[in-house]
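Contents: one structure, followed by commentary.
The values are calculated or read from the model by the stated rules, or taken from the named source; none is laboratory data. Only a predicted model underlies this, so the values are computations on that prediction, with no experimental measurement involved. Neighbour counts run over all protein chains shown; Cβ positions are idealised from the backbone, glycine included.
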Amino acid sequence: MAETVGALKALRHPHVPWEQAWRRPHVDAFRRMLAARPVVRALVAASFNLRWVADFLTIAPASGDPTFAEELAAVERLSDERIRADLRATRPGPLAAELLADGLTGQVVELLDWIWAHTVAPEWPERERRLRADIVARTAALSTRGLAGAIADINRNVRWLGDGRLQVNDYPEPPLSLHAAEQLVFVPAHCRRGWVVWDAPTRFGMVYPARGILVDPTSPAPDGLARLIGANRAEILARLDAPLSTSQLVVVTGLSLGTVSDHLRVLLDAGAVGKRRSGREVLYWRTPLGAALVDGG
């Protein structure tokens, strides 16, 4: 669901180059869908403001690995009046006439299902690999540097303040007590900036931009490293500042699967990279030795 809401935000107003490039092949179909559905068009306009996303779009997941269908069902259980209340909280003032009729929840569900089916689902395997890579990297950071280290770069306004306090934005609202919370989740997504999610009073969390959303296909390995261990092996090592799978390395390097696998085996044996399974993928990343080689240490 976080991916779907992020895609909807990018379709509305892309802010950074990678969002603009991703939006280009989808935006005409999105506009045609909105033109044919005035209620959905009014919904999209009312669901966002500069600082807030309507709460029915930001329900915290009920499990650690939910399907889109499960998260969509949580939205479907909301009443029309709940949807309207969330819209009024997001953009105070009278609602558009189109939003006052019965069946509003069904329109929200159909909008989200359209975004998922037309823009996210076809890309899901590649998206999931990036998300799992981010989770592996942050799990490693959590084990070595604690929560403050794991969330240090997820958003410029997010920081661990100590004494059980987590700052998630710089808005003037009073602090929110999570004394009854049973779950605090951090959800990586393809988005420019994150947002909070909740299902009060028990589930809370944050969506944040995943690492490696846009891999630079031209970033070179240091010349000295290429002379030392070979150009292809050096390029693979240079790419692994964040965890990547073998298939991702094939895409970004242009090398064959067999070639990438052979080079990874050598780098593993040398202690320059580490690996960990995440779901169906095995992810690789640079060890301190590998980082020293790339940085010239």
Checklist entry - Can you name the condition, by its number, that Pro125 falls short on among (1) over 20 Å from Thr58 (Cα atoms); (2) crowded, with 16+ Cβ neighbours inside 10 Å? => result (2)
Next on the checklist: Of everything in the range 21-52, what is surrounded by 12 or more Cβ atoms within 10 Å (Cβ to Cβ), at pLDDT 95 or above and either in contact with a strand residue (DSSP E or B) (Cβ under 8 Å, 6 or more places away or on another chain) or part of a loop (DSSP other than H, G, I, E, B) (or both)? Give them in sequence order.
Outcome noted: His26, Arg37, Ser47
Next on the checklist: What are the pairs with Cβ atoms under 6 angstrom where one residue, in the range 29-40, is within 15 Å of Arg12 (Cβ to Cβ) and the other, located anywhere, is of a type in the set (Lys, Arg)? Sequence gap at least six, or different chains.
Outcome noted: Leu34/Arg41
Checklist entry - For Asp80, are the conditions met, namely being under 22 Å from Met33 (Cα atoms) and either in the same structural domain as Ala54 (by TED's automatic domain parsing) or surrounded by fewer than 17 Cβ atoms within 10 Å (Cβ to Cβ) (or both)? => result yes
Checklist entry - Is it the case that the range 74-93 has a residue that's assigned to a helix (DSSP H, G or I), touching a residue at least 60 places away in the same chain (Cβ under 8 Å) and closer than 25 Å to Glu19 by Cα? => result no
Checklist entry - Which pairs have Cβ atoms under 7 Å, sit 6 or more apart or on different chains, and link a residue in the range 48-64 that is without any contact (Cβ under 8 Å) to a residue 60 or more places away in the chain to one that is acidic (Asp, Glu) and buried (at least 17 other Cβ atoms within 10 Å of the Cβ)? => result Ala54/Asp86; Phe56/Asp86
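Each row is one residue, and each column tells you yes or no for (1) among the small types (Gly, Ala, Ser); (2) under 21 Å from Leu184 (Cβ atoms).
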| residue | (1), (2) |
| --- | --- |
| Phe48 | no, no |
| Trp52 | no, yes |
| Leu57 | no, yes |
| Glu70 | no, yes |
| Glu81 | no, no |
| Ala96 | yes, no |
| Ala133 | yes, no |
| Thr139 | no, yes |
| Ala150 | yes, yes |
Next on the checklist: Testing Ile154 on (1) touching a helix residue (DSSP H, G or I) at 6+ places or on another chain (Cβ under 9 Å); (2) surrounded by fewer than 19 Cβ atoms within 10 Å (Cβ to Cβ); (3) under 23 Å from Ile59 (Cβ atoms), one condition comes back false. Which one is that?
Outcome noted: (2)
